[in-house]
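The values are calculated or read from the model by the stated rules, or taken from the named source; none is laboratory data. In this text the structure is predicted, and so the values were computed from the model without any measurement. Neighbour counts run over all protein chains shown; Cβ positions are idealised from the backbone, glycine included.
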Amino acid sequence: MSDHTTSFFNKTPARIGFRMPAEWEPHAGTWFTWPRPEGISFPDRYDAVPPVYAELIRHLVKVEDVNINVWDADMEATVRALLTKLNTPLERVHFHHFPAYEPWCRDHGPIFLVRDRQGQHERAVVDWGYNAWGGKYPPYDLDDAVPRHVAALRGLHLFEPGIVMEGGSIDVNGFGTLLTTESCLLNPNRNPNMDQAEISRFLRDYLGVEKIIWLGEGIVGDDTDGHVDDLTRFINSTTIATVFEEDIDDANYTALFENHLKLRAARDKHGRLFNIVKLPTPGMVEYQGQRLPASYANFYIANKIVLVPTFRRANDKVAIATLQEHFPDRQVIGVDSTDLIWGLGSFHCITQQEPA
């Protein structure tokens with residue numbers, strides 16, 4: 001057995017120097033899972049959704065590779081034709097026949113880890129369990145298998161913690177601090193026999209973090225039980241952007257206000273306070289009488305660009321300008337997410353970064 005193989009044996013990622021990098025660290029590419037017409041995510045609105053994917057990919061291929069999980073060869077051919085029709089270059093687009101029922105790659109896709117060891121930059125994959133946000137939308141066995149396919153494709157070691165965790169429920173600054181919510185990670189529909197201390201240990205052991213900031217509740221309409229990527233995001237190692245509702249009569253006001261208070265008191269692993277930046281909300285976004293979890297916090301950071309969901313609301317421009325101020329070395333691009341949000345998720349929910 002080689003020293004490389006031995007170094008992984010019966011050890012957690014953190015113990016052997018792995019960490020989850022921040023989203024703004026250099027990417028090798030972005031992963032998507034293409035939505036199926038037969039899927040349940042976009043009832044009566046599916047045809048409006050693939051063009052949104054195409055628009056995101058059109059921007060991404062200018063700065064990094066794009067990997068798309070598709071159901072089969074027929075879906076690949078359909079997607080290729082659509083991207084070509086919508087003037088999206090295919091030179092940096094790579095298709096993989098890794099089928100999944102629904103398109104939320106942030107949650108069912110691989111979480112990549114990195115470490116620098118003996119002059120070598122190494123990567124690995126964490127394969128958390130995936131149960132469609134507490135068993136809400138079965139079946140999900142194919143979705144749960146995606147990280148294993150990707151690790152095998154890349155020839156990377158696969159760590160399997162054996163607990164349920166979604167990528168949208170966590171955010172890291174790359175320097176030892178992680179953001180999450182109690183409403184999601186402590187929900188008994190995920191890991192019913194584990195308390196906060198036990199879940200924290202898994203986050204530390206498998207993502208290489210030392211400090212965990214626990215926020216409270218999520219926003220109305222979020223069927224994930226409160227994913228942090230609809231609420232609060234790191235925008236650099238010392239700065240946190242958080243959604244804040246100014247209207248005291250809005251249903252999201254109290255949860256967002258309480259989360260803001262927690263963030264103002266939060267400290268990093270060195271005991272330092274963070275710079276807190278307020279993002280506006282788009283206000284009420286509804287479809288067929290249902291309030292949707294529209295949030296500017298669901299942006300995606302890629303190489304040289306930041307893709308921000310917009311909702312045809314006055315605060316779209318405010319959110320873009322606020323983020324541009326704090327991403328001086330990246331172009332902040334607004335893309336209409338009004339059709340996509342009917343699936344109860346946006347750009348961060350459908351993407352997963354692969355670090356270089």
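Have a look at Asp223, Asp229 and point out the one that is closer than 17 Å to Trp104 by Cβ and buried (at least 18 other Cβ atoms within 10 Å of the Cβ).
Asp229
For Glu160, only one of the following conditions fails: (1) more than 21 Å from Ala266 (Cβ to Cβ); (2) buried (at least 17 other Cβ atoms within 10 Å of the Cβ). What is its number?
With (1) more than 21 Å from Ala266 (Cβ to Cβ); (2) buried (at least 17 other Cβ atoms within 10 Å of the Cβ) applied to Glu160, the lone miss is (2).
Scan the stretch 139-153 for residues that are charged (D, E, K, R), surrounded by fewer than 17 Cβ atoms within 10 Å (Cβ to Cβ) and either within 14 Å of Gly167 (Cα to Cα) or within 19 Å of the chain's Cα centre (by Cα) (or both) and report the count.
Residues that pass the stated criteria total 1.
Would you please list the contacts, defined by Cβ atoms under 6 Å and residues six or more apart or on different chains, that run from a residue in the stretch 281-300 that is on the phi < 0 side of the Ramachandran plot to a residue that is β-branched (Val, Ile, Thr) and surrounded by fewer than 20 Cβ atoms within 10 Å (Cβ to Cβ)?
Here the result reads Arg291/Val220, each pair linking the stretch 281-300 to a residue that is β-branched (Val, Ile, Thr) and surrounded by fewer than 20 Cβ atoms within 10 Å (Cβ to Cβ).
Filter the stretch 316-356 down to residues that are in a helix (DSSP H, G or I) and among the acidic types (Asp, Glu) and give me whichever is nearest to Ala28 (Cα to Cα).
Glu325
Would you pick out the residues in the stretch 66-109 that are of a type in the set (Val, Ile, Thr) and under 21 Å from Gln352 (Cβ atoms)?
Hits for the stretch 66-109 are Val66, Ile68, Val70, Val79, Thr88, Val93.
Among the residues of the stretch 300-331, write down those that are in contact with a strand residue (DSSP E or B) (Cβ under 7 Å, 6 or more places away or on another chain) and within 21 Å of Arg92 (Cβ to Cβ).
Tyr300, Ala302, Asn303, Lys304, Ile305, Val306, Leu307, Arg330, Gln331, listed by residue number.
Which of the residues that make up the stretch 247-267 are over 19 Å from Leu292 (Cβ atoms), out of contact with any Asp or Glu (no Cβ under 9 Å at 6 or more places or on another chain) and not hydrophobic (A, V, I, L, M, F, W, C)?
Listed by number, the residues that qualify are His260, Lys262, Arg264, Arg267.
Please work out which residue is surrounded by the most Cβ atoms within 10 Å (Cβ to Cβ), limiting yourself to the stretch 93-107 and to residues that are more than 23 Å from His59 (Cα to Cα) and in contact with a strand residue (DSSP E or B) (Cβ under 7 Å, 6 or more places away or on another chain).
Ala100
Hey, among Val332, Val277, Val318, Val306, which residue is at pLDDT 95 or above, under 26 Å from His108 (Cβ atoms) and either in contact with a Phe, Trp or Tyr (Cβ under 9 Å, 6 or more places away or on another chain) or not polar (S, T, N, Q) (or both)?
Unique residue meeting the criteria: Val306.
Count, please, the residues in the stretch 160-191 that happen to be among the β-branched types (Val, Ile, Thr) and assigned to a loop (DSSP other than H, G, I, E, B).
2
Go through (1) in contact with a Ser or Thr (Cβ under 6 Å, 6 or more places away or on another chain); (2) surrounded by fewer than 18 Cβ atoms within 10 Å (Cβ to Cβ) and name the single condition Ala197 misses.
(1)
Only one of (1) within 22 Å of Leu179 (Cα to Cα); (2) part of a helix (DSSP H, G or I); (3) in contact (Cβ under 8 Å) with a residue 60 or more places away in the chain is not met by Glu258, so which one is it?
(3)
Is it true that some residue in the stretch 181-194 is in contact with a His (Cβ under 8 Å, 6 or more places away or on another chain), surrounded by 20 or more Cβ atoms within 10 Å (Cβ to Cβ) and more than 18 Å from Arg264 (Cα to Cα)?
Looking for residues that are in contact with a His (Cβ under 8 Å, 6 or more places away or on another chain), surrounded by 20 or more Cβ atoms within 10 Å (Cβ to Cβ) and more than 18 Å from Arg264 (Cα to Cα), one finds at least one in the stretch 181-194, hence yes.
Looking at (1) crowded, with 22+ Cβ neighbours inside 10 Å; (2) in contact (Cβ under 8 Å) with a residue 60 or more places away in the chain, find the lone condition where Lys136 falls short.
(1)
Could you grab me the full set of residues in the stretch 114-127 that are surrounded by 16 or more Cβ atoms within 10 Å (Cβ to Cβ), in a strand (DSSP E or B) and either modelled with pLDDT under 95 or in contact with a helix residue (DSSP H, G or I) (Cβ under 6 Å, 6 or more places away or on another chain) (or both)?
Val125, Val126
Provide a single number: the residues in the stretch 187-241 that are of a type in the set (Ser, Thr, Tyr) and either modelled with pLDDT under 95 or in contact with a Pro (Cβ under 8 Å, 6 or more places away or on another chain) (or both).
1
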